[in-house]
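These notes are about the structure you will find just below.
The numbers here are math on the coordinates, done by the rules we state, and not lab data. Just so it is clear, the model here is predicted, and its values are computed rather than measured. Backbone-built Cβ (ideal geometry, glycine too); neighbour counts: all protein chains shown.
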Amino acid sequence: VVGDTRIDREVHSVCPFCGVGCQLTFKIRDDKILYAEGRDGPANEERLCIKGRFGFDYIHNPERLTTPLIRKEGIAKDDVATLDPANPLTHFREASWEEALELAANGLIQVRETKGGNALAGFGSAKGSNEEAYLFQKLVRTGFGTNNVDHCTRLCHASSVAALLETVGSGAVSAPFNEAENAEVIMVIGSNPTINHPVAATFFKNAVKKGAKLIIIDPRGQSLSRHATYMLQEKPGTDVALLNSMMHVIVKEGLTDKDYIKNHTENFAELKAHLDGFSPEAMEKVTGIDPDLIRDVAREFATAKSSIIFWGMGISQHVHGTDNSRCLISLSLMTGQVGRPGTGLHPLRGQNNVQGASDVALIPMFLPDYQSVEDPVIRERFEKFWNADIDPNKGLTVVEITEAVHKGTINGMYIMGENPAMSDPNVSHAREALSLLDHLVVQDLFLTETAAYADVVLPASAWPEKDGTVTNTNRQVQMGRAAVPMPGDARQDLWIIQEMAKRLGLDWNYGHVKEVFTEMTQVMGSIKGISWDRLENADAVIYPCESPEDPGQPLIFTENFPTKNGLGKFVPASLISPDETPDQDFPTVLTTGRLLEHWHTGSMTRRSEVLDAVEPEPIVHMAPGMMENLEILPGDLVTVSSRRGQLDIKVRADGGVQNGMIFIPFCYAEAAANLLTNDALDPFGKIAEVKFCAVKVEKKKMP
Ligand code: SF4
């Protein structure tokens, strides 16, 4: 609002919600953010969605933690049912920072000294800055003495990254999503960008207006299909069958890019032989898609001058998530649709900094820039630089850590800004694990469902309260700036991590956050050319960026791939059924996801007045036909149960959901979708199959 007299200052920063990474300006009065406006950032060109525009009042919510808390003696860890996040003093007592930090660190030290570093683990956050993520993983590796460090990427694109690293040698996107505007064909698969990446979706719509053809493939209908030339609503969990049959058509009809295959790839002969049995006719029963439609879509994709693929959790969150991504990569490689304007592979990253947190190694198998922790040469280089030993074995992932706690081999955890008591699959099992820990330290804004199990709770800073960088889905490293002060005695996360590090015996002395960023540029070749001052001026620089003069490279794989021989590799994928298929007892497929208004586990957006007013209560989305069969009306209560749990929830009619399938958003603590989901893992990415499990739906029996 030009000349708005309600505000007394404004601060340029970045939206804290999704991986699009919209640049914005906070409009502030009396140290309160009144609203935000979109800036002309490379990812948003002044646009914002409802969350970016109206979702900031969570930071001023009265439930914000403003002082450290210590569990009261005699209050059992699993005594969470009576705990009210607005009134934590029934279970916790307030403490000074000194007392809380001593207790927090000493509990971890005790585990380390009695059981060894590998009895500890840390979950960092994709909602913090790159600098916080970098220091957190460094603390776990050099202070705890373990590589057991992970974050929500494990529930996000871990399988996509596994496939990308295996085939094309780089886990990040090959082109920004804005390249959709240079594409003749845009394929969106297993993704609902209008809901999950709303501003990116506007670029797709613009591209269609300019003449691009949009192909959407998803078991759930979505509003973006109104702009699509093709909408393929396949049976859930059948992406490998569908993509293999598309590739079968491309090979049989001679539509491959033979020069590209010859000069840039390997292993095509093996893939070609593998595809023989995947004709669209043979796969029709599996996918439910008309073979002619598959042929049309395959021809469009292969023969366009430029085709680009976007995918989301519908691809990655399966036991065959890595196979799904392998197929997408093969499809791009065999048609030469990569490395040129308007082409590429783009797994749309979820959280605002999940790309950055992964880049800086908040993951158990890699050191910064995806350098293997198991490689002795790389490890030695980091040991010298960090002046500390690093465990030679890769660590455990999110769900594996839960299992290790149940087995008694992990006994202490430090969790910064993650909420596994809501986000983990089969969440009762995950919650039980939290209650079994000898020592749990949680650092967060609110008394989250996870903090309820903590021994020590450390009140942290919200994104609009801190300086730091984040990296969006496009690989754009962007500058965030503190806009308002922290409430009460809450502290900067960077300060808290350092205080913990000191007590764990590390001699760190970072002053300004830019000192951490500078250290990152010394160990990460991808951002070597980006300095703090450069970012202060430019606000965003895309990586790879090799020198101060390098403008950064939006398109990668233009010449070759960052693999050992420079070639992209075809990896065939076979049909693997979901881990748990519907049967007589549990005949319906449950899939989970987000709503436009609510972010992830809801810890922020459920405390945002505007956003929670729009979507205030848990709802199960169901096909009208299925409702009719069950004699259910919109608003009726149903009981949904799986082999792992059950919940009561209101019904919403949704014509986009197939019969025999339901959708439940996972942001509502009062009906947590993850009570039902399956924790079976993809063997490569170690991601859980939260997009598919078998459930039973019954009309709620009233007493
Ligand atoms: Fe924020 Fe994502 Fe919305 Fe942009 S699209 S305003 S980054 S939530």
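Values computed for the structure shown
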read-out: Exposure proxy order (Cβ contacts within 10 Å, fewest to most) of T605, T518; value: T518, T605
read-out: Förster-model FRET efficiency, 60 Å R0, N537 and A613, C-beta, rounded to 0.05; value: 0.95
read-out: P(r) of region 99-201 over all Cα-Cα pairs, binned every 5 Å from zero, in whole percent; value: 2, 10, 12, 16, 17, 12, 8, 7, 7, 4, 2, 1, 0
read-out: For F586, F26, order by how many other beta-carbon atoms lie within 10 Å, fewest first; value: F586, F26
read-out: Region 437-556: antiparallel DSSP beta bridges as a percent of all, rounded to 5; value: 65
read-out: Cα principal axis extents for region 187-330, largest first, Å; value: 40, 31, 27
read-out: Euclidean distance between Cα centres, region 530-569 to region 130-195, Å; value: 16
read-out: Of K235/K686; K72/K691; K285/K696; K127/K528; K213/K285, those spanning more than 29 Å from alpha-carbon to alpha-carbon; value: K72/K691
read-out: Rg ratio (alpha-carbon, reference 2.2 N^0.38 Å) - region 425-583; value: 1.42
read-out: Approximate spin-label separation E549-K262, in nm, with each point projected 7 Å along Cα-to-Cβ; value: 3.7
read-out: Size of region 142-216 as Cα extents on the principal axes (Å, biggest first); value: 55, 27, 19
read-out: Structure-based [θ]222 nm, the chain - -39500 (n - 2.57) summed over DSSP H runs of at least 4, per residue, nearest 500; value: -8500 deg cm²/dmol
read-out: Spatial separation of Cα centroids for region 435-492 and region 1-70, in angstrom; value: 16
read-out: The chain: DSSP helices with Cα axial extent of at least 24 Å and average Kyte-Doolittle hydropathy no lower than -1.0; value: 97-115
read-out: In nm, spacing of pseudo-spin labels at A273 and D292 (7 Å Cα→C-beta vector); value: 3.6
read-out: Relative contact order, percent, region 480-595 [alpha-carbon distance under 8 Å, six or more residues apart]; value: 11
read-out: Column: log10 I(q)/I(0), Debye, Cα scatterers of region 447-493, q = 0.20, 0.21, 0.25 Å⁻¹; value: -0.78, -0.81, -0.90
read-out: For region 267-295 versus region 87-117, the gap between their alpha-carbon centres in whole angstrom; value: 56
read-out: Rounded to 5, percent antiparallel among DSSP beta bridges of the chain; value: 50
read-out: Estimated FRET transfer efficiency when R0 is 45 angstrom, pair N393-R93 (beta carbons, to 0.05); value: 0.70
read-out: Residue-wise HN-Hα coupling along region 229-234, computed from phi with Karplus coefficients 6.51, -1.76, 1.60 (Hz; x: Gly, Pro); value: 7, 10, 10, 10, 9, 7
read-out: Neighbour-count order for S642, S372, S316, S125, fewest beta carbons within 10 angstrom listed first; value: S372, S642, S125, S316
read-out: Equivalent ellipsoid semi-axes - Cα gyration tensor, the chain, angstrom; value: 37, 30, 26
read-out: Measure of compaction for region 363-441 (Cα Rg per 2.2 N^0.38 Å); value: 1.28
read-out: FRET efficiency, D8 to E253 (Cβ-Cβ, R0 56 Å, nearest 0.05); value: 0.30
read-out: Sparse-neighbourhood loop sites, trypsin sites (Lys or Arg not before Pro) in region 201-276 - DSSP loop, at most 12 other Cβ within 10 angstrom; value: K210
read-out: Computed label-point distance, nm, for sites D489 and S223 using a 7 Å Cα→Cβ extension; value: 4.6
read-out: Dimensions in Å of region 340-379 - Rg and Dmax from alpha carbons; value: 13.4, 39
read-out: Mean separation of Cα contacts under 8 Å, 6 or more apart, over the residue count of region 220-298: relative contact order %; value: 44
read-out: Cα gyration tensor, region 586-660 - rounded (a/c under 1.5), prolate or oblate; value: prolate
read-out: Region 461-542: C-alpha gyration tensor shape, a/c 1.5 cut-off, then a/b vs b/c; value: oblate
read-out: Region 330-461: proportion of alpha-carbon pairs further apart than 26 angstrom, %; value: 43
read-out: The chain - percent relative contact order, Cα under 8 Å, separation 6 or more; value: 20
